Amino acid sequence: IMMKNTYLNLRSGAAEIFVRPKYGQAESSAFVVASGPSLDETIPIIQKNVGRAIIISSGSAIRPLLVNGITPDFHVEYENAYLYASIEKLAREFDLSPVCLLASTTVDPSIVQFFKKSVFYFRSGPSPYRLFCDSDENSLRFSEPAVVNASLSFAMDVGIKDIYFFGTDFGTK
């Protein structure tokens, strides 16, 4: 599935591929948002700071953000199957066009259509990396084992120094 999805996501030759910047530091802060139990109580903090930080939703965290009137700047996806139904439902309920999809090349290619802009990154572990990736600069350094790791890695890789976590409970509060 990962090989097939990577091929389908990249075959047009027009796919945008993540390139890690060599230098620089982003001037903005970032909110890395996951869908852990503490997210509900921290939604007001995120709402109050919309426009002051780059909001990065991780996997299923996009729904509670959109339901609460928060449109993330980036939405990170990692899974290679079973995404279409949830993303398609979101696209019927909310405008996803302002959100940039940042996705592993291995994600279900059918979800890309719901986002105006998509950028793919390579995961260094799965086999498509060796066959399709031209440079380590096209991967996120610490994108595993979960989607929230990919979100954090993205923020760090683009030079953001002030990163705040919401709903990233990892099983504890």
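Place a point 7 Å from the Cα of residue 92 along the Cα-to-Cβ direction; which residues of region 49-82 have their backbone N under 17 Å from it?
63, 67
Among residues other than residue 147 whose Cβ falls under 9 Å from its Cβ, what is the net charge (Lys/Arg +1, Asp/Glu -1)? Provide the component values of the computation, followed by the final result.
Working: positive: none; negative: 77, 79.
Neighbourhood net charge equals -2.
What relative contact order, as a whole-number percentage, does the chain give when Cα pairs under 8 Å and 6 or more residues apart are counted? Intermediate results must be reported in sequence, preceding the final value.
Working: 333 pairs, mean separation 60.1, N = 173.
This gives 35 percent for the chain.
From the square roots a ≥ b ≥ c of the eigenvalues of the alpha-carbon gyration tensor of region 53-103, which class results: rounded (a/c under 1.5), prolate (a/b over b/c), or oblate? Numbers along the way, then the final one.
Values: a/c = 1.76, a/b = 1.20, b/c = 1.47.
Note, shape of region 53-103 comes out oblate.
Within region 135-171, report the chymotrypsin sites (Phe, Trp or Tyr not before Pro) that DSSP leaves as loop and that have at most 15 other Cβ atoms within 10 Å.
Numbers: sites: 142, 154, 164, 165, 166, 170; in loops: 142, 170.
Passing both the DSSP loop test and the Cβ count: 142, 170.
Can you pick out the pairs among 4/116; 22/48; 89/116 whose Cα atoms lie more than 27 Å from each other? Please report the intermediate quantities before stating the final value.
On the way: 4/116 23 Å; 22/48 32 Å; 89/116 16 Å.
Those over the limit are 22/48.
What trypsin sites (Lys or Arg not before Pro) does region 1-91 have in DSSP loop regions with at most 16 other beta carbons within 10 Å? Mind dumping the intermediate values first?
Working: sites: 4, 11, 22, 48, 52, 89; in loops: 11, 22, 52.
Listed in order of number, the matching sites are 11, 22, 52.
Which one of 12, 80, 46 has its Cα pushed farthest toward the positive end of the charge dipole of region 1-104, where Lys and Arg give +1 and Asp and Glu give -1 at the Cβ?
Positive-most Cα among the choices belongs to 12.
What number comes out for accessible area per residue over region 1-74 if the probe is 1.4 Å? Units Å², please. Walk me through the numbers on the way to the answer.
Values: 4080 Å² over 74 residues.
Accessible area per residue, region 1-74: 55 Å².
Would you kindly calculate the translational diffusion coefficient of the chain, applying Stokes-Einstein with the Kirkwood radius from alpha carbon pairs, for 4 °C and a viscosity of 1.567 mPa s, and quote it in µm² s⁻¹ without decimals?
Working: Rh = 16.2 Å.
It comes out at roughly 80 µm²/s.
Kindly report, to the nearest 10 Å², the accessible surface of residue 71 as traced by a 1.4 Å probe over protein heavy atoms only.
Answer for residue 71: close to 60 Å² accessible.
In whole percent, how big is the carbon plus sulfur part of the accessible area of the chain, probe 1.4 Å, protein atoms only?
Details: 4730 of 9000 Å².
The value for the chain is 53 percent carbon and sulfur by accessible area.
List, in order, the whole-Hz ³J(HN,Hα) value for each residue of region 45-50 obtained from phi through the Karplus relation with A = 6.51, B = -1.76, C = 1.60 and θ = phi - 60°; use x for Gly and Pro.
So the Karplus estimates, Gly and Pro as x, are 5, 5, 4, 5, 10, 4 Hz.
Can you give the extra length, in nm with one decimal, that the chain gains between residue 117 and residue 146 once fully stretched, where that is 0.36 nm per residue apart less the Cα-Cα distance? Before the final figure, lay out the partial values.
Values: separation 29, 0.36 × 29 = 10.44 nm, distance 2.26 nm.
Working it through step by step, the gained length comes to 8.2 nm.
About the Cα centre of region 38-173, what is the dipole size in debye to 20, counting +1 per Lys and Arg Cβ and -1 per Asp and Glu Cβ, all else neutral? Let's see the in-between values first.
Working: 12 positive and 16 negative charges, 39 e Å.
With only Lys, Arg, Asp and Glu charged at Cβ, the dipole is about 180 debye.
The values are calculated or read from the model by the stated rules, or taken from the named source; none is laboratory data. Bear in mind that the values here come from a model prediction, so they are computed numbers and not experimental data. Because the Cβ atoms are built from the backbone with ideal geometry, glycine has one as well, and the counts that use them run over all protein chains shown. Accessible surface is based on the protein model in full, side chains and every heavy atom, while ligands, DNA and RNA are left aside. Shrake-Rupley method; radii C 1.70, N 1.55, O 1.52, S 1.80 Å.
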